[in-house]
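Structure record follows, encoded as structure tokens.
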Amino acid sequence: MTISALLSPQSIFLDTEITSKKKLLELIANIVADRTQLSESAIYNNLLNRERLGSTGLGQGFAVPHARLESLDQTMGFFFRLKDAVNFESPDNQPVDLVFTIIIPEQATEEHLIILSSLAGIFSRPEICEAIRSAASKEEIAQIIESAEQ
């Protein structure tokens with residue numbers, strides 16, 4: 001599965017006002033719960049437990065919080081461009097303003113690793129991150145990510 005296949009205008013959020021990593025994880029859990037039959041608290045706890053293993057902040061202002069959920073039947077992806085960067089305990093100590101969240105079925109281990117690898121490849125490129133930061137629309141962000149995948 002490609003990163004761009006996970007994105008639609010309804011799964012891209014621009015200039016989201018969030019004040020902390022905890023608030024971001026709560027927002028993600030709320031959005032996923034609204035679009036599935038899954039419990040918001042179960043989603044939040046899975047995201048939080050993954051963060052406790054180690055920050056999903058990868059550097060250059062990018063993070064990829066993710067969770068694997070037993071009751072999920074298909075992978076979901078969401079992209080957030082935050083209005084103000086938040087501390088994510090990233091290895092480079094830079095705050096995060098670009099966030100790609102993936103919520104994956106429990107059994108989809110290989111797909112999970114492929115998606116994480118693709119995201120790391122795309123968002124490790126400073127020119128891609130800068131283009132996304134200055135993009136004017138959700139469609140432009142989706143196009144930048146799709147072009148970066150090729």
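The values are calculated or read from the model by the stated rules, or taken from the named source; none is laboratory data. Owing to the predicted nature of the structure, the values given are computational and were not obtained by experimental measurement. Cβ sites come from the backbone with ideal geometry, for glycine too, and all protein chains shown count toward neighbours. For the accessible areas, the whole protein counts, side chains as well, though only heavy atoms, and no ligand, DNA or RNA atoms are used. Shrake-Rupley method; radii C 1.70, N 1.55, O 1.52, S 1.80 Å.
Points to keep in mind about this one:
- Beta bridges by DSSP in the chain, antiparallel share as percent, to the nearest 5: 45
- Look at where the Cα atoms of the stretch 64-78 and of the stretch 116-150 average out, and the two centres are 21 Å apart.
- Neighbourhood charge, 15 Å Cβ-Cβ cut-off, centred on GLU40 and excluding it, Lys, Arg +1 and Asp, Glu -1: +1
- Residue-normalised accessible area of the chain, expressed per residue, 1.4 Å probe, Å²: 49
- A simple charge model with +1 on the Cβ of Lys and Arg, -1 on the Cβ of Asp and Glu and nothing else charged puts the dipole of the chain at about 280 debye relative to its Cα centre.
- Sorted largest first, the principal axis extents computed over the alpha-carbon atoms of the stretch 1-43 equal 27, 27, 15 Å.
- Using the Cβ-Cβ distance between GLN94 and GLU149 with R0 set to 25 Å, the FRET efficiency works out to roughly 0.55.
- Fraction of accessible area attributable to carbon and sulfur, the chain (%, probe 1.4 Å): 48
- Cβ-defined net charge surrounding GLU89, 14 Å radius [Lys, Arg +1; Asp, Glu -1]: +2
- Dipole-positive endmost among LEU14, THR101, SER55 within the chain (Cβ charges, Cα centre): SER55
- In the set (1) -0.28, -0.69, -1.24; (2) -0.22, -0.58, -1.32; (3) -0.19, -0.52, -1.37, the label that goes with log10 I(q)/I(0) by the Debye sum over Cα atoms at q = 0.08, 0.13, 0.20 Å⁻¹ computed for this structure is (3).
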